[in-house]
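Step one of this worksheet: look at the structure below.
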Amino acid sequence: MTIAICEDEDLQIQLLKKYINEWLMLGNKEARVVTYQSGEEFLFQFEEEMIDILLLDIEMPGINGMELAKRLRAKRVDVQIIFETGNSEYVFDGYAVEAISYLIKPINKIKLSSCLEQAWNRCNRSEPSMLIEDNEGIRKVYLKEISYIESVGHDTYIHIKKEEYRNKKGIREVSKEVESMGFIMPHRSYLVNLPKVEQITKKELLLDGGERIPIARGKWAEVNQAYLHYYRR
């Protein structure tokens, strides 16, 4: 689990980190806490992280918190958002971006803990995952983190950001696990996570990490239809 703070004031960042770490310790929970000091910095770097919970200051210079939240939802980023602000006038805007709650500064530790608990429970309840097996044992990966799955010989390789993990299962077995979870097979050697697709051409899929996945001859119409259906649902 990763909890992010996007806040432009250093003192507020330190206070939030203190409260979050105390909450994690009391609940015997484990999570990474990462920080960003502007909306621009978050947008530039967040795809290198997999953010589960975001504490987001609304009133920041440049891209403010509300605009940032709208951009994340437009990209279908599944993150639990908790707004923090010094002004209650933005409260009703949060419904459009499905925010957990608003915290008015100065932040109340008990209210923050309650919001974090709610966000944590939502994350654990809605995280589809799969088990992959290699020579080192069995590990759990979340489907939303996967960019694509590649068939190599009798095995598959799970590609997550810049990393890849070998899986002893073949691609046909894996496809049965993920076929109803937003994955498509544009080619017999690849399964692609639709939320990671930035562009479709007649010959390939361009993913958000820059990867290019070939589309087999005769598969374009099926792939294009699946992509359109996913984003229109």
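The values are calculated or read from the model by the stated rules, or taken from the named source; none is laboratory data. As the structure is a prediction and not an experimental result, all values here were calculated from the model. Here the Cβ positions follow ideal geometry from the backbone for every residue, glycine too, while neighbour counts run over all protein chains shown.
To keep it simple, each residue is scored yes or no on (1) under 13 Å from the mean Cα position of the chain (by Cα); (2) modelled with pLDDT of 95 or more.
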| position | (1), (2) |
| --- | --- |
| 23 | no, yes |
| 28 | no, no |
| 43 | yes, no |
| 46 | yes, no |
| 64 | no, no |
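Within the range 168-182, track down each residue that is out of contact with any Phe, Trp or Tyr (no Cβ under 7 Å at 6 or more places or on another chain) and surrounded by 11 or more Cβ atoms within 10 Å (Cβ to Cβ).
Selection gives 168, 169, 170, 171, 172, 173, 174, 175, 177, 178, 179, 181.
If you scan the range 135-154, which residues turn out to be farther than 14 Å from residue 194 by Cβ and either over 17 Å from the mean Cα position of the chain (by Cα) or of a type in the set (S, T, N, Q) (or both)?
Residues satisfying the conditions are 135, 136, 137, 138, 139, 150, 151, 152, 153, 154.
Run down 22, 84, 59 and say which single residue is crowded, with 22+ Cβ neighbours inside 10 Å and either without any contact (Cβ under 8 Å) to a residue 40 or more places away in the chain or within 19 Å of residue 119 (Cβ to Cβ) (or both).
Of the residues listed, the single one that is crowded, with 22+ Cβ neighbours inside 10 Å and either without any contact (Cβ under 8 Å) to a residue 40 or more places away in the chain or within 19 Å of residue 119 (Cβ to Cβ) (or both) is 84.
Looking only at the range 109-128, count every residue that is modelled with pLDDT of 90 or more and more than 17 Å from residue 98 (Cβ to Cβ) and tell me the total.
7
Kindly provide the set of residues from the range 182-233 that are in a strand (DSSP E or B) and either aliphatic (A, V, I, L, M) or not assigned by TED's automatic domain parsing to the domain that holds residue 157 (or both), ordered by number.
184, 185, 191, 192, 197, 200, 205, 206, 207, 213
Find the residue count for the range 16-43, including only residues that are in a loop (DSSP other than H, G, I, E, B), out of contact with any strand residue (DSSP E or B) (no Cβ under 9 Å at 6 or more places or on another chain) and closer than 30 Å to residue 74 by Cα.
So the answer is 1.
If you take the residues of the range 1-15 that are acidic (Asp, Glu) and outside any helix (DSSP H, G or I), which of them is nearest to residue 31 (Cα to Cα)?
7
Given the options 148, 157, 190, name the one that is free of Cβ contacts under 8 Å to residues at least 12 places away in the same chain and under 22 Å from residue 215 (Cβ atoms).
Selected residue: 157, the only one of 148, 157, 190 that is free of Cβ contacts under 8 Å to residues at least 12 places away in the same chain and under 22 Å from residue 215 (Cβ atoms).
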